[in-house]
1. Of all residues in the stretch 31-56, count the ones that are away from ligand 2 (no atom under 16 Å from the Cβ) and either without any contact (Cβ under 8 Å) to a residue 24 or more places away in the chain or touching a Ser or Thr at 6+ places or on another chain (Cβ under 6 Å) (or both).
2. Let me spell it out: the conditions are (1) surrounded by 15 or more Cβ atoms within 10 Å (Cβ to Cβ); (2) modelled with pLDDT under 95; (3) in a helix (DSSP H, G or I), and ASP181 meets all of them except one. Which number is the exception?
3. Mind checking which pairs have a first residue in the stretch 65-78 that is farther than 12 Å from LEU108 by Cβ and a second that is modelled with pLDDT of 95 or more and acidic (Asp, Glu), Cβ under 8 Å, 6 or more apart or different chains?
4. Checking ASP96 against (1) within 26 Å of SER46 (Cβ to Cβ); (2) away from ligand 2 (no atom under 16 Å from the Cβ); (3) in contact (Cβ under 8 Å) with a residue 40 or more places away in the chain; (4) open to solvent by 60 Å² or more (accessible area, probe 1.4 Å), which test does it fail?
5. With (1) over 19 Å from the mean Cα position of the chain (by Cα); (2) closer than 26 Å to LEU183 by Cα as the list, and LYS114 as the residue in question, which single condition is left unmet?
6. Could you please let me know if GLY224 is touching a residue at least 12 places away in the same chain (Cβ under 8 Å), within 16 Å of ligand 2 (Cβ to nearest atom) and open to solvent by less than 10 Å² (accessible area, probe 1.4 Å)?
7. Filter the stretch 1-20 down to residues that are open to solvent by 50 Å² or more (accessible area, probe 1.4 Å) and touching a residue at least 24 places away in the same chain (Cβ under 8 Å) and give me whichever is farthest from ligand 2 (Cβ to nearest atom).
8. Kindly establish whether GLU152 is open to solvent by 40 Å² or more (accessible area, probe 1.4 Å), in a helix (DSSP H, G or I) and closer than 30 Å to GLY39 by Cα.
Amino acid sequence: MNILSIKHLSVSAGDKQILSDINLDLIAGETTVIMGPNGSGKSTLSNVLMGHPAYQVDSGTITFNGIDITAAKPEERAALGLFLAWQQPREIAGLDLYPFLFDAHKALRTGRNKSLPTVFQFKEKLDQETAALQVKDDWSHRNLNQGFSGGEKKKAEMLQLALSDPLLAIFDEIDSGLDVDALKVVGKAMKRFKKKNKSALVVTHYLRILKYLKADKVIVMAKGKIVASGGPELAERLEKEGFTDIEKL
Ligand code: ADP
Ligand code: MG
């Protein structure tokens, strides 16, 4: 069964066309990897799947878990079980981190008709997840991402992932800017997420993250289009040879 099905998707921002005629099916339970040179539209695709308002869908459809979400609001997509870890998480001054996480968690559970945890139950889960992510500082007085290092921002994304419990997680360059230790922590968190019934879409330039999450399928984007697709061996070839040949396609 397809968890996500993209048909003839073309997208623009303002008067600039960014994605053209994207067709992609993600099979439930699989890990799909997107590679491609900078500026090829990987982040745009990730953002459009989540319903980012900066982008306009000019044509095509996005179906998630059997439901047409092409025009759905981001919060509706999240409630249905879609999650995006940003390439560049925003710093939001004045948004207290822990109350934000609690509110987001409750909103998602409400959207899924699930029971709400007490503040104590939530705190217990939060403590488990921050420990697993090896968060050493006290984040209880922090604002969302404000003053966080690159690695801490990515850990905060993984914390949100664990509390969101989505069906499909999109990781947009979750591994960029991470040192070896942080990469290991984030990689293990991806692995904890990726159980049999969960699906992942991983945007990356590097094979190192695929040690934690084995790719089932690899697709390559260039200039707003999907230009190649294959198995894990395609990722290996691209890391060795780069995109030069692919871009000629
Ligand atoms: P990638 O993630 O593959 O590096 P992006 O999706 O970030 O690529 O960008 C693809 C192209 O779309 C780039 O030329 C970028 O400048 C442009 N782009 C992305 N977002 C916007 C936007 N909100 N407004 C205008 N242009 C954008
Ligand atoms: Mg990007």
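1. 2
2. Of everything listed in (1) surrounded by 15 or more Cβ atoms within 10 Å (Cβ to Cβ); (2) modelled with pLDDT under 95; (3) in a helix (DSSP H, G or I), ASP181 misses just condition (1).
3. Taking only residues 6 or more apart or on different chains, the pairs are ILE69/GLU76.
4. (1)
5. (2)
6. yes
7. Across the stretch 1-20, the extreme among qualifying residues is MET1.
8. Yes, satisfied.
The values are calculated or read from the model by the stated rules, or taken from the named source; none is laboratory data. Treat the numbers as computed from the prediction; the structure is a model and nothing was measured. When we count neighbours, we look across all protein chains shown, and the Cβ atoms used for this are built from the backbone with ideal geometry, even at glycine. Keep in mind that these areas ignore ligands, DNA and RNA; they rest on the heavy atoms of the full protein, side chains included. Shrake-Rupley method; radii C 1.70, N 1.55, O 1.52, S 1.80 Å.
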